[in-house]
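The values are calculated or read from the model by the stated rules, or taken from the named source; none is laboratory data. Treat the numbers as computed from the prediction; the structure is a model and nothing was measured. For neighbour counting, all protein chains shown are included, and Cβ atoms are generated from backbone atoms with ideal geometry for every residue, glycine included.
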Amino acid sequence: MNGELLQQIPGGPELVAWFGHVPDFHDAEIVSLALDRMGPSCQVLVYYWGYTGATDPNGYFISDRHVVVRFALEDVTDVELTGFDQRNIVREIVLSRTAANGYRLELFPCVGIDAWIEASSVTVSLTPGMPEESDRGRARALTEAEKAELR
């Protein structure tokens with residue numbers, strides 16, 4: 001993700017502050033992708049989290065900062081979407097500028113959705129927590145005791 005560009009869009013600085021760095025969204029889940037002809041607009045909901053660097057007694061990574069990130073794209077000019085799957089896990093999400101001074105949001109897949117969306121504007125908003133329907137069984141929020149141990 002382009003950190004300089006992210007700092008310039010509404011909600012971008014809050015996303016960077018949430019993680020303490022510019023996230024790449026490796027292994028994030030695409031919760032939903034909705035296109036609406038009225039506008040035209042597109043909304044992409046992405047579930048992501050941070051890793052603490054620690055593992056639990058079973059060897060699983062301990063994660064924190066769970067959040068659903070909403071990318072709202074307005075005045076969509078072009079879209080390409082392939083590879084939809086029940087699990088849509090991305091390798092990386094890239095936000096860049098287009099030649100027409102718009103934005104391009106690219107979803108590079110591990111599994112499932114491979115897409116890019118071009119639009120004249122983009123905003124980001126955050127909803128802390130895990131989506132109930134997430135199947136990321138090995139990723140979980142830190143318990144209060146684990147947070148205390150890491151301090």
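Which residue out of ALA148, ALA99 is farther than 21 Å from ASP24 by Cα and at pLDDT 90 or above? Criteria check complete, one pass: ALA99.
Of all the residues in segment 2-22, those that are within 19 Å of ILE117 (Cα to Cα) and either without any contact (Cβ under 8 Å) to a residue 40 or more places away in the chain or surrounded by 13 or more Cβ atoms within 10 Å (Cβ to Cβ) (or both) number 8. Only one of the numbered conditions (1) touching a Phe, Trp or Tyr at 6+ places or on another chain (Cβ under 6 Å); (2) more than 13 Å from PHE25 (Cβ to Cβ); (3) surrounded by 15 or more Cβ atoms within 10 Å (Cβ to Cβ) is violated by TRP116, and that is (1). Could you please let me know if GLY102 is within 22 Å of GLY12 (Cβ to Cβ), in contact with a helix residue (DSSP H, G or I) (Cβ under 8 Å, 6 or more places away or on another chain) and either in contact (Cβ under 8 Å) with a residue 24 or more places away in the chain or surrounded by fewer than 18 Cβ atoms within 10 Å (Cβ to Cβ) (or both)? When the stated conditions are applied, GLY102 does not pass them. Of all residues in segment 1-36, those being in a helix (DSSP H, G or I) and either under 16 Å from ARG104 (Cα atoms) or in contact with a helix residue (DSSP H, G or I) (Cβ under 9 Å, 6 or more places away or on another chain) (or both) number 8.
Only one of the numbered conditions (1) under 15 Å from VAL31 (Cα atoms); (2) at pLDDT below 95; (3) of a type outside the set (Ser, Thr, Tyr); (4) under 16 Å from the mean Cα position of the chain (by Cα) is violated by ARG91, and that is (2). Taken as a whole, segment 37-49 holds no residue that is part of a loop (DSSP other than H, G, I, E, B) and under 18 Å from SER125 (Cα atoms). Evaluate segment 59-77: report whether one residue or more is free of Cβ contacts under 8 Å to residues at least 24 places away in the same chain and either not in a strand (DSSP E or B) or not polar (S, T, N, Q) (or both). Yes, segment 59-77 contains at least one residue that is free of Cβ contacts under 8 Å to residues at least 24 places away in the same chain and either not in a strand (DSSP E or B) or not polar (S, T, N, Q) (or both). Restricting ASP64, ASP75 to residues that are farther than 26 Å from GLN8 by Cβ, in contact with a Ser or Thr (Cβ under 6 Å, 6 or more places away or on another chain) and either at pLDDT below 95 or not polar (S, T, N, Q) (or both) narrows the list to ASP64.
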